[in-house]
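Rule-based calculations on the coordinates, nothing more; no lab input. All figures in this text were calculated on a predicted structure; none of them were measured in a lab. Cβ placement follows ideal geometry from the backbone for every residue including glycine, while neighbour counts extend to all protein chains displayed.
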Ligand code: NAD
């Protein structure tokens, strides 16, 4: 693997000013796969100064959008060229299967292509002026210097949702990936350099959230902060960003309902209920962790799920038979174990799972068995809090209104699913579900031109689609007397 294990600041590959480093480990076997700089607020300040200068004095913000689009298209091409290397690196870093990582890389290239394609479609308009002999123009301009902070679960996918629109809109940026999984983001900064992104336009700092990340959210030279991560961190960033009233975009957690009616295609519902959660071991913001099942099919559905889950093959992401890899870290594994203990204490029934696997080959990794709780009620912590692991809770309903009420009974509002063959019922439910995405007879499908984001405490703003580009622009009205 060729990978520059450095930060990228003002067009230079640099170590942390403090000289500190951090080992990046493979969660499958705890082997060190890379050692990278552990940046802190001083590195963040240098990166912010570089991005500020590139925005204020460089020509990135003012060059034709089509020119920026060409560079972003080249980044997409390089991601396609290096797909296999990137996918393997993502799996080493996160433990997810290489097959999943390959899918991520295709989606990521698609995101860069999409924004390259619409780079020149962010124009303004002429509006009617109330004054005689005058012209009123509305134009869209870049916001300025953007701080971008990403989580560890979909490292490069989440980064691409921020990098591509920020670049085509003409911003300069500083990205801080999760300290646990920075490797594919690092590689992509090499690709951005190769694509000819000018010095200072993109900067990468590595390190922990409480110093490197916190500096991005408080520093007055940062005009916008875009954050994807947990709700607790998101609220801290929101407070920090208030010091200079930064533009703010937050993509936070989810505790997503998946409503299954008795008239659904049973096999499809079973497949998607499993796919909705156990993909990447439940470490997905949009995981459909709350199954809300019509009483008449409850027992059959649970039995089918349990049978399938018992066959699940846990293992190395590099083994093509593996269906589920490990959790990301020992700390996260402990958190998931705690949630299972809580569920049992609260009176939920453990239908399957509920422990680490006993396979001796998996003992070095952070594995946890896929777990299903039945007899759940909406007041339980296990139903309300995001465990971010391979845990499904099952609740029963008898009436459509009750199903929607249970689905909405959450502080989160990221995504949800409805399974039924009754189109009118599906549409009624989708209309009443208070969340940013509703899938009908599907789960966990994203694409570049569909907006993504949360209602309620799942976030502020939208990524992807045209709205994802608008997040990175300011709108100006110019009235000119002629
Ligand atoms: P996290 O909040 O712990 O960390 C996310 C990022 O914030 C990391 O880069 C971290 O270093 C940084 N950070 C931590 N403290 C900070 C601070 N005080 N100031 C600035 N930055 C700080 O989240 P995580 O554990 O990495 O990711 C899991 C969470 O992300 C889950 O809650 C998941 O639902 C959420 N997520 C949401 C989406 C979405 O699209 N809504 C997508 C992926 C993940």
Nearest 5 percent is fine: what portion of the DSSP beta bridges confined to the chain is antiparallel? 45
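Taking the number of other C-beta atoms within 10 Å as the exposure measure, put 352, 340 in order starting with the fewest. Walk me through the intermediate numbers first.
Values: 352 19, 340 22.
Exposure proxy ranking, most exposed first: 352, 340.
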What's the center-to-center distance, using Cα atoms, between segment 436-469 and segment 272-295 in Å? 17
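If you count the DSSP beta bridges with both ends in segment 346-482, what percent of them are antiparallel, to the nearest 5?
Numbers: 6 of 13 bridges.
Within segment 346-482, antiparallel bridges account for around 45 percent of the total.
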Principal-axis tilt of helix 183-194 within the chain, Cα atoms, nearest 10 degrees: 30
Any idea what the alpha-carbon Rg over 2.2 N^0.38 Å comes to for the chain? 1.00
Note on the chain: contact order normalised by length, alpha-carbon pairs under 8 Å, 6 or more apart, percent, works out to 18
Rounded to two decimals, the Debye log10 I(q)/I(0) of segment 338-482 (Cα scatterers, no solvent) at q = 0.09, 0.10, 0.21 Å⁻¹ is -0.42, -0.50, -1.30
Using only Cα atoms, find the angle between the long axis of helix 295-310 and the longest principal axis of the chain, and express it within 0 to 90 degrees, rounded to the nearest 10. 80
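How would you classify segment 1-143 from its alpha-carbon gyration tensor, with a ≥ b ≥ c the square roots of the eigenvalues: rounded for a/c under 1.5, else prolate if a/b is greater than b/c, otherwise oblate? Provide the component values of the computation, followed by the final result.
Working: a/c = 3.19, a/b = 1.70, b/c = 1.87.
Oblate.
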Reciprocal mean inverse distance between Cα atoms of segment 116-218 - Kirkwood radius, Å: 15.5
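Go ahead and estimate [θ] at 222 nm for the chain from helices alone: -39,500 (n - 2.57) per DSSP H run with n ≥ 4, summed, over the residue count, rounded to 500. All intermediate terms of the calculation are to be shown ahead of the outcome.
On the way: 15 runs with 183 residues, N = 482.
Calculated at 222 nm, the ellipticity per residue is -12000 deg cm²/dmol.
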For the Cα atoms of the chain, what angle does the longest principal axis make with the long axis of helix 231-241, in degrees from 0 to 90, nearest 10? 20
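Pull out a ≥ b ≥ c, the square roots of the eigenvalues of the alpha-carbon gyration tensor of segment 437-482, then state rounded if a/c is under 1.5, prolate if not and a/b is larger than b/c, and oblate in the remaining case.
Numbers: a/c = 4.06, a/b = 2.56, b/c = 1.58.
Judged from the Cα gyration tensor, segment 437-482 comes out prolate (a/c at least 1.5, a/b above b/c).
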Computed over segment 221-332, the distribution of all Cα-Cα distances in 5 Å bins, rounded to whole %, is 2, 10, 15, 16, 14, 12, 11, 9, 6, 4, 2, 0
Where does each of 285, 376 land when they are ranked from fewest to most other beta-carbon atoms within 10 angstrom? 376, 285
Classify segment 42-121: rounded, prolate or oblate, from the alpha-carbon gyration tensor (a ≥ b ≥ c, eigenvalue square roots; a/c under 1.5 rounded; otherwise prolate if a/b is larger than b/c)? oblate
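Neighbour counts of other C-beta atoms within 10 Å: give me 135, 205 arranged from fewest to most.
Details: 135 14, 205 30.
In order of increasing Cβ crowding within 10 Å: 135, 205.
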